[in-house]
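Here's the structure, in structure tokens; my notes come after.
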Amino acid sequence: MPSTGHYEPVSDYYLQDESQDLRGRTVTGPDGDLGTVKDMLVDPDIQKVAMIELSDGRRIPIKYVRLHGSQVRIVTENQR
């Protein structure tokens, strides 16, 4: 089923693995720190996290997000 593009905050859901809760963690990218994860956004059509929202309001699709220990890293298309 294609997504409707509507996202809900992860706080409306139960996380099966609390260690993957990214909220409050610093995000780094190829050019350095990007900010902090404000929220994780769930696509209700598939019941999965689809994006992270940074403290400045930017949204990053989860396909570019990697968790390395406690670090959140954003990868480019070439690094996936």
Within the range 56-77, which residues are under 21 Å from GLY5 (Cα atoms), in a loop (DSSP other than H, G, I, E, B) and either β-branched (Val, Ile, Thr) or in contact (Cβ under 8 Å) with a residue 24 or more places away in the chain (or both)? ARG58
With respect to LEU54, is the statement that it is at pLDDT below 85 and either touching a Phe, Trp or Tyr at 6+ places or on another chain (Cβ under 7 Å) or among the aliphatic types (A, V, I, L, M) (or both) true? no
Can you confirm whether GLY5 is at positive phi, open to solvent by 50 Å² or more (accessible area, probe 1.4 Å) and more than 10 Å from the chain's Cα centre (by Cα)? no
Being surrounded by 14 or more Cβ atoms within 10 Å (Cβ to Cβ) and either among the hydrophobic types (A, V, I, L, M, F, W, C) or touching a Gly at 6+ places or on another chain (Cβ under 7 Å) (or both) is the filter here, so list the residues in the range 56-72 that pass it. ILE60, ILE62, VAL65, VAL72
Tell me, yes or no, whether the range 35-44 has at least one residue that is assigned to a loop (DSSP other than H, G, I, E, B) and among the hydrophobic types (A, V, I, L, M, F, W, C). no
Give LYS48, LYS38 a once-over and let me know the one that is within 10 Å of the chain's Cα centre (by Cα) and open to solvent by 60 Å² or more (accessible area, probe 1.4 Å). LYS38
The condition of being open to solvent by 30 Å² or more (accessible area, probe 1.4 Å) and among the acidic types (Asp, Glu) holds, among ASP12, ASP43, only for ASP12
Here's a check for you: in the range 45-55, which residue that is part of a strand (DSSP E or B) and among the β-branched types (Val, Ile, Thr) is farthest from GLU18 (Cα to Cα)? ILE52
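The values are calculated or read from the model by the stated rules, or taken from the named source; none is laboratory data. All values derive from a computational prediction rather than experimental measurement. Cβ coordinates were reconstructed from backbone atoms using ideal geometry, including for glycine residues, and neighbour counts include every protein chain displayed. Just so you know, the surface numbers come from the protein's heavy atoms only, side chains and all, with ligands and any DNA or RNA stripped out. Shrake-Rupley method; radii C 1.70, N 1.55, O 1.52, S 1.80 Å.
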